[in-house]
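Nothing in this text is a laboratory measurement; each read-out follows from the coordinates by a stated rule. These figures come from a predicted structure and were not determined experimentally. Reconstructed Cβ throughout: ideal geometry from the backbone, glycine too, with neighbour counts over all protein chains shown.
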Amino acid sequence: STWGVENGIQNCYPVGYGTVVTFGGSHYITLDGNSFFFAGSSSYILIQITEKYTQKVIFSTVVEHEKADNGSSIEITSVVIYLHGNTIVLERGKKWQAKVEDEFYNLPFSKNNGELQINQEGNNIIVQYS
């Protein structure tokens, strides 16, 4: 994103869009197309964007991994998204649900007149903020 003025409003505006892909529990393809494998039980920051001067987090995505019940593989247990003051948690096994500010909601979800929207399309959960 970049700082600019649009329609007389100074703000941080996106310069593009991207996708992070995860598969097999611990394999990732990042925004820039690189592949990674995370093998341990831990939390990993996939992306974090901060305000230029205050370093306040505007957007962050954290993936939490734990050993699977079989003990031999690692699986994603949750994805935590911090987005303009909202905390969104997507937990493994909670289809058609998202936790927003520590409360579960059925999808689709909308907050602040559609400013934050969470929808599910097939196996994909789409989080949008405008």
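Structure values in brief
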quantity	calculated
Cα centroid separation - region 11-41 against region 114-130, whole Å	18
Sorted peptide list for 85-97, 43-55, criterion being average Cβ within 10 angstrom, highest first	85-97, 43-55
Shape category assigned to region 2-83 from the gyration tensor of Cα positions, a/c cut at 1.5	prolate
Computed lengthening from Lys52 to Arg92, 0.36 nm per intervening residue step minus Cα-Cα distance	11.1 nm
Estimated vicinal HN-Hα couplings, Hz - region 106-121 in sequence order (Karplus 6.51, -1.76, 1.60; Gly, Pro = x)	6, 8, x, 10, 9, 9, 6, 6, x, 4, 10, 10, 10, 10, 10, 10
Rounded FRET efficiency, nearest 0.05, which uses the C-beta distance separating Glu115 from Ser41 and R0 of 30 Å	0.30
For Ile47, residues with placed amide H under 5 Å, excluding near neighbours	Thr61
